[in-house]
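The values are calculated or read from the model by the stated rules, or taken from the named source; none is laboratory data. This is a predicted model, so every value here is computed, not measured. Here Cβ is always computed from backbone atoms with ideal geometry, including for glycine, and neighbour counts include all displayed protein chains. All accessible areas refer to the heavy atoms of the entire protein, side chains included, with ligands and DNA or RNA removed. Shrake-Rupley method; radii C 1.70, N 1.55, O 1.52, S 1.80 Å.
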Amino acid sequence: MLEVKIIPEWIKEAEEKSKEMGILKHSISEGKGNVLGFIGEQAVLSVLKEGKWDNTYDYDIITPNGTIDVKTKRCRSVPQPHYVASVAAYNTKQRCTYYVFVRMFSDYSRCWVCGWIEKEKFFDRAKFLKQGEEDGDNGYIVKDDCYNLAYEKMNDIEFFS
């Protein structure tokens, strides 16, 4: 996992993009996660050797090796390798090459790029959970059907090629 320093300009830009975008269909947080998501995308861009932001339904970043969809979660503590990344079941049809997962404090003070994985490998390895089921040992009740996979079963962002 790689901690990334959040730059104030990212927050301002994310707030502007969030207002333009509005609330997306199926938004679990009713649009409140948009700013978080945009900052997560900036964090990933900041650590890639090459990449261009191109926010679509299917992906967020274009690289010479394929497209990336960034998934960002709120957190209250430094993420650990056994923590899980999630992809909502309604997002399985996104046409991206890779997923990159980010965790961020709600106040945007700190964030971590936790890992990356090819989209197909994610679904091969992930555990499916139905809405209302408990997520492993953390006691979290999932709000929508999703697929979860621990960060320790992914690649470190430093080795993205």
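Of the residues M104, M154, only one is closer than 24 Å to Q42 by Cβ, open to solvent by less than 40 Å² (accessible area, probe 1.4 Å) and in contact with a Ser or Thr (Cβ under 9 Å, 6 or more places away or on another chain); which?
Numbers: M154 fails: in contact with a Ser or Thr (Cβ under 9 Å, 6 or more places away or on another chain).
Unique residue meeting the criteria: M104.
With the structure loaded, tell me whether L45 is out of contact with any helix residue (DSSP H, G or I) (no Cβ under 7 Å at 6 or more places or on another chain) and open to solvent by less than 30 Å² (accessible area, probe 1.4 Å) or whether it fails that test.
Working: out of contact with any helix residue (DSSP H, G or I) (no Cβ under 7 Å at 6 or more places or on another chain): yes; open to solvent by less than 30 Å² (accessible area, probe 1.4 Å): no.
No; evaluated as a whole, the condition is false for this residue.
Among the residues of the stretch 114-142, count how many are assigned to a loop (DSSP other than H, G, I, E, B) and touching a residue at least 12 places away in the same chain (Cβ under 8 Å). Step through it out loud before you land on a result.
Filtering the stretch 114-142 down to residues assigned to a loop (DSSP other than H, G, I, E, B) leaves 126, 130-133, 139, 142.
Pick out the ones that are also touching a residue at least 12 places away in the same chain (Cβ under 8 Å) and you get 126, 130-131, 142.
So the answer is 4.
Where residues in the stretch 133-151 are open to solvent by 90 Å² or more (accessible area, probe 1.4 Å) and of a type outside the set (K, R), which of them is modelled with the lowest pLDDT? So that I can check it myself, show each step before the final result.
Our first condition is that a residue be open to solvent by 90 Å² or more (accessible area, probe 1.4 Å); within the stretch 133-151, this holds for 134, 137-138, 140, 143.
Remaining after also requiring of a type outside the set (K, R): 134, 137-138, 140.
Details: E134: 87, D137: 66, N138: 74, Y140: 81.
Looking at the filtered set, the residue picked out is D137.
Looking only at the stretch 88-102, count how many residues are closer than 20 Å to L129 by Cβ, touching a residue at least 40 places away in the same chain (Cβ under 8 Å) and part of a strand (DSSP E or B).
Adding up the residues that qualify gives 2.
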